[in-house]
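A quick write-up on the structure given underneath.
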Amino acid sequence: MRSPIILGALVALLTPAGALAQRADLPPSEKVAEALDNHPAVAAARARVDAARADRDMLAKGTHEIAVTGSYVRRSVDREGGYDEFDATIARPFRLPGKAALDREAGALGIEVAENRMEDARHQTALLLSGYWNDWLVAGALYRNDLDTVRWLEKELSALRRRVALRDAAALDVDQAMAAMAQAQAQAANSLAAREQARVALAANFPEIPLPIEPPETSVAMVPAQRLAAMRDLVIERSHEIRAAEREAQRLAVVAQRVRADRIADPSFGVRLFSERSGMEQGAGVVMSMPLGGGHRRAAADRASAEGNAAQLEHMSVQRTVRAIADADLSSATLRLEAWKNTDLSAQSAASALARTERGYQLGQIDLADLLYARRQAGEARRSEIMARSEAARALLKLEIDSHSLWVVHDEDGG
């Protein structure tokens, strides 16, 4: 087990900054991209980007539309007769200078918010995929380990039965071996159930990912501390969650400025045509109307300013949260790698002890109970190594995804 670790460290050193070597136990990148793009959460976020574009177009056009009003009256005058009279007015409100520019700016920022939230949804979905994938890998590795123990015990039990038939071993040894094998079979059955459950969950949530019959063995590389620290910085630098909160704060600040500007209402201008006394009196003129703002508009401006301040504070909160995630990712990756190294040494020592115990048993110097105990210890030590290796691989993969070094496309322009 030591040579793969050394090789992994060399590969990590030769990998460009901000990325680790592509793990052989991960699904194909093109299939991952397809699965992420087709996931309902990402598709919904993409639809919200389309909605933001529509909002931008609405803001650019404005809500002001041409209004047509008219009336027709049949009037009767004593000793004169009846008259047909009508009037018509065509008017349209106009945004005061500066308001249209604020609306366009708010619309553009809204698109940036939606796009960054879509990328963050893709990022969160990638983390979801990595969790399901690692669950399947570790469950498969544990089942293979437990199955090896069952096969070893089956072989040992078969040899014991032959020895009992030749009166070279006691029936008690067979009973001990059968008890150990039943326990190992129960553990293997539980591991198999966990593997199949993990496979079903993975296939149901990400049907685009092709799954082999057997999950591959989990691989992990020993990464230099400076590489992990660099990736920790990228978690913050490339965070779409921070960028979305920043753009939302900017958008609400513009909206607050727009609402304050709206305390002076937009005027309406139009043309009025009228005809009275069946056409004997006719005329045309220009009309203008303008609402006089009151307490409602002032309260709306205060509310918009408060929402802008809240968005600024939320941006600060998101920055702290992402910074905490980056620190936790770095700490987890560093400590999980160290824990895996220790459990790997423990598993190797247990395997060596088992080999020596087997030789002693074959020479008649050690009884079956000690052999079964050594085998159980070796199996448990290997299970611990598998779980520690899986946790290290899981922590490294999370750091890669959070730093946008794997599965999540990073836009250098900050989009």
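Looking only at the stretch 266-308, count every residue that is aliphatic (A, V, I, L, M), in contact with a Leu (Cβ under 6 Å, 6 or more places away or on another chain) and in contact (Cβ under 8 Å) with a residue 24 or more places away in the chain and tell me the total.
The number of residues fulfilling the criteria is 0.
Which of the residues belonging to the stretch 47-74 are outside any helix (DSSP H, G or I) and touching a residue at least 12 places away in the same chain (Cβ under 8 Å)?
Hits for the stretch 47-74 are Gly62, His64, Glu65, Ile66, Ala67, Val68, Thr69, Gly70, Ser71, Tyr72, Val73.
Kindly provide the set of residues from the stretch 349-387 that are within 37 Å of the chain's Cα centre (by Cα) and not aliphatic (A, V, I, L, M), ordered by number.
Gly379, Glu380, Arg382, Arg383, Ser384, Glu385
Mind checking whether some residue in the stretch 89-99 is open to solvent by less than 60 Å² (accessible area, probe 1.4 Å), more than 24 Å from Met288 (Cα to Cα) and more than 45 Å from the chain's Cα centre (by Cα)?
The answer is no; no qualifying residue exists.
Sort out which residues of the stretch 27-72 are β-branched (Val, Ile, Thr) and open to solvent by 50 Å² or more (accessible area, probe 1.4 Å), and write them in order of number.
If the condition is that a residue be β-branched (Val, Ile, Thr) and open to solvent by 50 Å² or more (accessible area, probe 1.4 Å), then Thr63, Ile66, Val68, Thr69 are the ones that fit.
Tally time: how many residues in the stretch 245-257 are open to solvent by less than 40 Å² (accessible area, probe 1.4 Å) and touching a residue at least 60 places away in the same chain (Cβ under 8 Å)?
4
Table: residues versus (1) surrounded by fewer than 21 Cβ atoms within 10 Å (Cβ to Cβ); (2) without any contact (Cβ under 8 Å) to a residue 40 or more places away in the chain.
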site	(1), (2)
Arg356	yes, yes
Arg359	yes, yes
Ala374	no, yes
Ser384	yes, no
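Of all residues being aliphatic (A, V, I, L, M) and open to solvent by 40 Å² or more (accessible area, probe 1.4 Å) in the stretch 187-210, which is nearest to Ser332 (Cα to Cα)? Just the residue, please.
Going through the qualifying residues, I end up with Ala194.
Which members of the stretch 308-326 meet the condition of being touching a helix residue (DSSP H, G or I) at 6+ places or on another chain (Cβ under 7 Å) and open to solvent by 80 Å² or more (accessible area, probe 1.4 Å)?
If the condition is that a residue be touching a helix residue (DSSP H, G or I) at 6+ places or on another chain (Cβ under 7 Å) and open to solvent by 80 Å² or more (accessible area, probe 1.4 Å), then Gln312, Glu314, Arg323 are the ones that fit.
Tally up the residues in the stretch 182-221 that are over 17 Å from the mean Cα position of the chain (by Cα) and either within 17 Å of Ser405 (Cβ to Cβ) or polar (S, T, N, Q) (or both), please.
Qualifying residue count for the region: 10.
When residues of the stretch 230-241 are filtered for being open to solvent by 20 Å² or more (accessible area, probe 1.4 Å) and part of a helix (DSSP H, G or I), how many remain?
Of the residues in the stretch 230-241, 7 are open to solvent by 20 Å² or more (accessible area, probe 1.4 Å) and part of a helix (DSSP H, G or I).
Out of contact with any Ser or Thr (no Cβ under 9 Å at 6 or more places or on another chain), hydrophobic (A, V, I, L, M, F, W, C), open to solvent by 30 Å² or more (accessible area, probe 1.4 Å) and farther than 30 Å from Met178 by Cβ: does that describe Ala106?
No: the conditions fail for Ala106.
Which condition number in (1) open to solvent by less than 60 Å² (accessible area, probe 1.4 Å); (2) within 30 Å of Met181 (Cα to Cα); (3) among the charged types (D, E, K, R) is the one that Glu119 fails?
All conditions are met except number (2).
Which of the residues that make up the stretch 274-287 are assigned to a strand (DSSP E or B), under 18 Å from Arg75 (Cα atoms) and open to solvent by 60 Å² or more (accessible area, probe 1.4 Å)?
Hits for the stretch 274-287 are Glu276, Glu281, Gln282.
The values are calculated or read from the model by the stated rules, or taken from the named source; none is laboratory data. The model shown is predicted, which means the values in this text are computed figures rather than measured ones. Please note: Cβ atoms are built from the backbone with ideal geometry, for glycine as well, and neighbour counts cover all protein chains shown. Areas reflect the complete protein model, heavy atoms only, side chains present, ligands, DNA and RNA absent. Shrake-Rupley method; radii C 1.70, N 1.55, O 1.52, S 1.80 Å.
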